[in-house]
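One structure below.
Every number in this text was worked out from the coordinates using simple rules, so none of it is lab data. None of these values were measured; they are calculated from a predicted model. Here the Cβ positions follow ideal geometry from the backbone for every residue, glycine too, while neighbour counts run over all protein chains shown.
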């Protein structure tokens, strides 16, 4: 991921070099006045992405379907250009994001505890997951101005979730295979079916971290004097699950992208 | 197709590209065993007796032959988990087994097999034997004095008459274990009651129990205490609970009277499947004896389960505690049960009523199966009943025609 970003930045830099001579263009598309100075950017975008283990574990055999839930981000950034090319920005973005996915799994370890009752073992079949998150992200980004009209930004972010949901269920896959081997792969084989799917316990969301940190990369293209087209990617670096949560045996990270329009003043 | 399709296609593609190489299999079950004979009817009572489907909790596989049949070398085919390897455990050590190889089953010889998973980490051992049928004397007397904890130490199991499948009583305790892992042996729906029998010895106690948070999750909120002969296939307990109870064992005698000591204790409010109280309904215990034809005209096995244990057209004889029924024959819930049981012990005599003539030839060739069944909630198979409803059982006498 890191290499890809560097590559993109480098490509843009090379492409932009011949244009850098035209100083008037730099001023025209610059901050509100001149080459340095600051302002605000109000952003609204469509969010799409998922919360996923990385890399995908071997237990996941096939993605049957994927669809976003929610997908709105609205926010404002304050920015200041410190020089012709370099600047900083600090923002507050409110979001509603999430997804639904259905995946075929094999030997997927589950450990469920409810009111002291424990069911655990290895599940093979279809696993459906839905998650939605409402929250706010504060990105602190370093901005590099590639050309008069192109900016790229990169930096850390901190997210706080007002509300999180995480639900799902398990049942048989399209070939009719759905079962839990209790405790071990040679334990009692308990068949499961979509006629009576087994849902996740309703307290999964209680085991999610209310905060996450990650890296945000963003590009802005100044389409008009006050209007930007932007795209950003929030790559979560902290596990969404609290460390003592054993129901899901791997770490999961939120990775969401946004495309939208921004008003710059 | 919707407007997201263009955006989503690359996402799904991207995710799919990240799918890793499949791990090797970890399972190692014998799923079925078949023996190959030119004329199965000479050795077995039914043609279908040569093939056994093995449930995941079984490791001792027994084929029962006619009492006079002599068996020797028989080709054996094991259907195992795909990728797993079969080893025949011989005196000289484990040897790879090729399906269709003949093994000597004379004089009750037991063959042991080890199935090793594809990843070679897990293995299971099984035994296979072919045993002579033992003649049974017909009349049964059962007092529930022989019980012990099962291998997991979680719940009790009861020895039954030799004519019962596996020589054991079966019940829903293994299913209850899935939902309530924390339960102690005496908290299960089917438990012994030591010193509480009519004669002061041990009796059987069935009690309808709350299945806890997991039961609620899968909409199976209660577990009726149960006891029957046949097979409890715990693998089906969640998928198709009615199919999990496979009733009956082949029987060569004609039952005429079913006598049993019973007493009952009333539980709390009657709950429907959604766990809501049903006013004006009182829960009822159940006790029944059934004789049914176990093979159809084409020679296929007929297996009664929770769907048709008391209603199958294959039933030839039935004796049951009295209940109310609707005009169409379905069960009628009411607030005035007529089973006649009280808190005090009484010996109940249940007549066995025949709906069809018994063919003595078919009877002698194990063409009928016998069911003796009990439940603390008569609607328990549909997860309806009163938590705390109890049925105490002792001293069963099943009298058969000479």
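Between residue A:165 and residue A:229, how high is the FRET efficiency from 1/(1 + (r/R0)^6) when r is the Cβ-Cβ distance and R₀ = 25 Å? Nearest 0.05. The calculated FRET efficiency here is 0.20. Of B:285, B:277, B:250, the residue with the greatest mean-square motion in the GNM of chain B, using alpha carbon springs below 10 Å, is B:277. Size descriptors for the stretch B:197-241: radius of gyration and Dmax over Cα atoms are 14.0, 42 Å. Summarising the strand pairing of the protein assembly as shown, around 95 percent of its internal DSSP beta bridges are antiparallel. How many percent of all Cα-Cα pairs in the stretch B:112-192 sit more than 17 Å apart? In whole percent, the share of Cα-Cα pairs in the stretch B:112-192 beyond 17 Å is 63. Modelled this way, with points 7 Å down the Cα-to-C-beta line, the labels at residue B:42 and residue B:187 are 5.7 nm from one another.
Distances between every pair of Cα atoms in the stretch B:288-337, grouped in 10 Å steps from 0 to the bin holding the largest one, split as 22, 46, 24, 7, 1 percent.
Based on Cα contacts under 8 Å between residues 6+ apart, the stretch B:140-400 shows a relative contact order of 28 percent. Backbone N atoms of the stretch A:203-228 closer than 20 Å to the 7 Å Cα→Cβ label point of residue A:28 belong to residues A:220-228. Counting other Cβ atoms within 10 Å as a rough exposure proxy, the listed residues B:325, B:126 run B:325, B:126 from fewest neighbours to most. Taking packing as the residue-averaged number of other Cβ atoms within 10 angstrom, the listed peptides B:194-201, A:229-236 run from highest to lowest as A:229-236, B:194-201.
The alpha carbon centroids of the stretch B:123-152 and the stretch A:231-264 are separated by 56 Å.
Note on chain A: with a GNM built from Cα contacts shorter than 10 Å, the maximum mean-square fluctuation among A:175, A:132, A:115 falls on A:115.
Bins of 5 Å, beginning at zero and ending with the bin holding the largest distance: percent of Cα pairs per bin for the stretch A:81-195, please. Over the stretch A:81-195, the share of Cα pairs per 5 Å bin runs 2, 10, 13, 12, 11, 9, 9, 9, 8, 6, 6, 4, 2, 0 percent. Neighbour counting of Cβ atoms within 10 Å sorts the residues A:265, B:354, fewest neighbours leading, into A:265, B:354. Model label points for residue B:259 and residue B:66, set 7 angstrom from Cα along the Cα-to-Cβ axis, are 3.6 nm apart.
What FRET efficiency comes out for residue B:325 versus residue A:58 if R0 is 56 angstrom and r is the Cβ-Cβ distance? Round to the nearest 0.05. Computed FRET efficiency for residue B:325 and residue A:58: 0.55.
Largest first, the three principal axis extents of the alpha carbons in the protein assembly as shown are 115, 65, 42 Å in whole numbers.
In the stretch B:30-132, Cα pairs under 8 Å separated by at least six residues give a relative contact order of 30 percent. If you look at the Cα atoms of chain A, you get an Rg and a Dmax of 22.6, 75 Å. With a 10 Å cut-off around each Cβ of A:114-121, the average count of Cβ atoms from other chains is 5. Listed by Cβ neighbour count within 10 Å, with the fewest neighbours leading, B:48, A:200 appear as B:48, A:200.
For the stretch A:165-265, the Kirkwood estimate of the hydrodynamic radius, built from every pair of different alpha carbons, is 17.5 Å. The simple spin-label model puts a point 7 Å past each Cα toward its Cβ; for residue B:349 and residue A:94 those points are separated by 8.1 nm.
Residue-normalised convex hull volume from the C-alpha trace of the stretch A:219-265: 83 Å³ per residue. Volume per residue for chain B equals 211 cubic angstrom (convex hull of Cα atoms).
Report, as an integer, the average count of C-beta atoms from other chains found within 10 Å of each Cβ along A:44-51.
Per residue, the average neighbour count from other chains is 1.
Shown here: the stretch B:27-163, whose C-alpha atoms stretch 49, 43, 27 Å along the first, second and third principal axes, sorted largest to smallest.
With contacts defined as alpha carbon pairs under 8 Å and 6 or more residues apart, what's the relative contact order of the stretch A:147-192 in percent?
23 percent
Cα extents for the stretch B:277-387 along the principal axes, largest to smallest and rounded to whole angstrom: 48, 28, 26. If you run the Gaussian network model on chain A, springs between alpha carbon atoms under 10 Å, then out of A:226, A:100, A:207 the most flexible one is A:226.
Take the Cα of residue B:107, go 7 Å toward its beta carbon, and the backbone nitrogen atoms of the stretch B:45-80 under 14 Å from that spot belong to B:71-73. Across q = 0.18, 0.19, 0.22, 0.26 Å⁻¹, the stretch A:46-88 modelled as identical point scatterers on its alpha-carbon atoms has Debye log10 I(q)/I(0) values of -0.75, -0.77, -0.86, -1.00, in the order of the q list. Using a Förster distance of 45 angstrom, determine the FRET efficiency expected from the C-beta separation of residue A:213 and residue B:141, and round it to 0.05. My answer for the efficiency is 0.05.
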